[in-house]
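First the structure, in the form of structure tokens, and then the observations on it.
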Amino acid sequence: MKKYIVIVFTGLLMSIPALAQLFWNKANMRNVKMQIDKQPYKSAYDALIKKADLYLLEPHLSVVNDKNHIPASGDIHDYMSIGRYTWPDTTKADGLPYIERDGYTNPEYYTYDREVLLKMVDRVKTFTLAWYFSDDSRYASAAVGQIRVWFLKKETYMNPNMYYGQIVKGYTYLNATAVLDGAGFVDMIDALYLLDDYHSWMWHRDLKRVKKWFGQFLDWIETSDQGVRQNKSRDNTGTSYDLQRLAYNLYCGRVENAQEILNNFVEKRILKQIDDEGVQVEEIKRTSSFGYSVSNISVMMNFIIIACNQGLQLTPESLTRFYKAVNYLIPYLDENKQWPYQEISNMKYYRKRLCFELFRIATCIDKSKTNYLKLYEKYGKMSDNDINVLLY
């Protein structure tokens, strides 16, 4: 199996902190910024600014605001969510304990902290990119303000753990999948890198405190009982767990740990999750098997893009296995092609997500994959207003 291990260029890896990027390519972004008033960028830029301006009118979000659900700790600074697919047991008077209905989202899920976290991350990204492309400091100030409220402010900060994530009502045990809610933070790491160039009173001191928070959160992910259990997961949740570890180790400057995660990624995730035909053996067991297969490809792509942006690459053999999984899904971009496994979710949404990954592969990983670009153009091209037009 040695031939499948990630090739690591140690000299380049040691420069990871200087590169300071996960998904966003700064060289590409600089080029886009110089042409921001021209298509294809202008429409996406205008949409970005419009969205940022709306966010400016709203108060900052925090984990303690509108806290209708208090975790068992009694601490409002503790993050809390419920299992997305857990529902009241209608055969019980009190509905407890909740039961699993895989693929069906309980509306209660949206009343906990998970949705607030995702909205907070989107605001930080939106404000940061609006500042970068416009040079309007109002947006950077808003991004910094939101970050301080969520991570640092005494009255509103979040504790650096997710002990009470994805709880199942009626049970007292702590769920290992709680760790997965932290994946939302990965999407704001590039914004934090970019905001290192913003200069305002005490911001760089606070940025160090944010990095310390992520270091503590990473320690919880890697050493807590929940994290240790999640590390053993064989499906997309294990891939997502490792993506968090990779992103936060890079951000916190723990280079050797990041290298180890990258080195293990192929054998631990790609080889064990994708069979010789390209089938993702754990994902096809789900009620939303196409959706989870596409989602896992997205997480793997995030891994590969991070590696490339750090000057690393996978061996051709390991990429071949990854492309087998992608190619297995491609025929089902055609809505007339019947997916052979159970799928209860909106396949149209996941077809579009798969098209985006084809686009990322052909533009970020392997420009020879022109057939992927053609499929992207045919089945799911991004709208002109999509923020990703500015990033890829």
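Some values worked out for this structure:
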{"quantity": "Test: residue in the stretch 105-113 that is in a helix (DSSP H, G or I) and open to solvent by less than 30 Å² (accessible area, probe 1.4 Å)", "calculated": "yes"}
{"quantity": "Residue under evaluation Val266, criteria (1) touching a Ser or Thr at 6+ places or on another chain (Cβ under 7 Å); (2) open to solvent by less than 10 Å² (accessible area, probe 1.4 Å); (3) at pLDDT 95 or above, criterion not met", "calculated": "(3)"}
{"quantity": "Residues that are in contact with a helix residue (DSSP H, G or I) (Cβ under 7 Å, 6 or more places away or on another chain) and farther than 22 Å from Val186 by Cα, drawn from the stretch 21-64", "calculated": "Val32, Lys33, Gln35, Ile36, Pro40, Tyr41, Ala44, Tyr45, Ile49, Leu56"}
{"quantity": "Residue list for the stretch 269-294, restricted to those being in contact with a strand residue (DSSP E or B) (Cβ under 9 Å, 6 or more places away or on another chain) and either in a helix (DSSP H, G or I) or surrounded by fewer than 19 Cβ atoms within 10 Å (Cβ to Cβ) (or both)", "calculated": "Gln273, Val281, Thr287, Ser289, Phe290, Gly291, Tyr292, Ser293"}
{"quantity": "Only listed residue being free of Cβ contacts under 8 Å to residues at least 24 places away in the same chain and over 22 Å from the mean Cα position of the chain (by Cα), chosen from Glu277, Glu335, Glu317", "calculated": "Glu335"}
{"quantity": "Selection count, the stretch 65-94, where residues are basic (Lys, Arg), at pLDDT 95 or above and touching a helix residue (DSSP H, G or I) at 6+ places or on another chain (Cβ under 9 Å)", "calculated": "1"}
{"quantity": "Residue match in the stretch 210-219 (condition: within 19 Å of the chain's Cα centre (by Cα), surrounded by 18 or more Cβ atoms within 10 Å (Cβ to Cβ) and of a type in the set (Gly, Ala, Ser))", "calculated": "no"}
{"quantity": "Residues located in the stretch 231-262, provided they are in contact with a Leu (Cβ under 7 Å, 6 or more places away or on another chain) and polar (S, T, N, Q)", "calculated": "Thr237, Ser240, Asn249, Gln259"}
{"quantity": "Meets criteria (more than 30 Å from Ala325 (Cβ to Cβ) and either open to solvent by less than 70 Å² (accessible area, probe 1.4 Å) or at pLDDT below 95 (or both)) for Thr172", "calculated": "yes"}
{"quantity": "Lone qualifier among Leu180, Leu174 - being in a loop (DSSP other than H, G, I, E, B) and over 30 Å from Asp46 (Cβ atoms)", "calculated": "Leu174"}
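The values are calculated or read from the model by the stated rules, or taken from the named source; none is laboratory data. Given the structure is predicted, the values throughout are model-derived calculations rather than measurements. Cβ sites come from the backbone with ideal geometry, for glycine too, and all protein chains shown count toward neighbours. All accessible areas refer to the heavy atoms of the entire protein, side chains included, with ligands and DNA or RNA removed. Shrake-Rupley method; radii C 1.70, N 1.55, O 1.52, S 1.80 Å.
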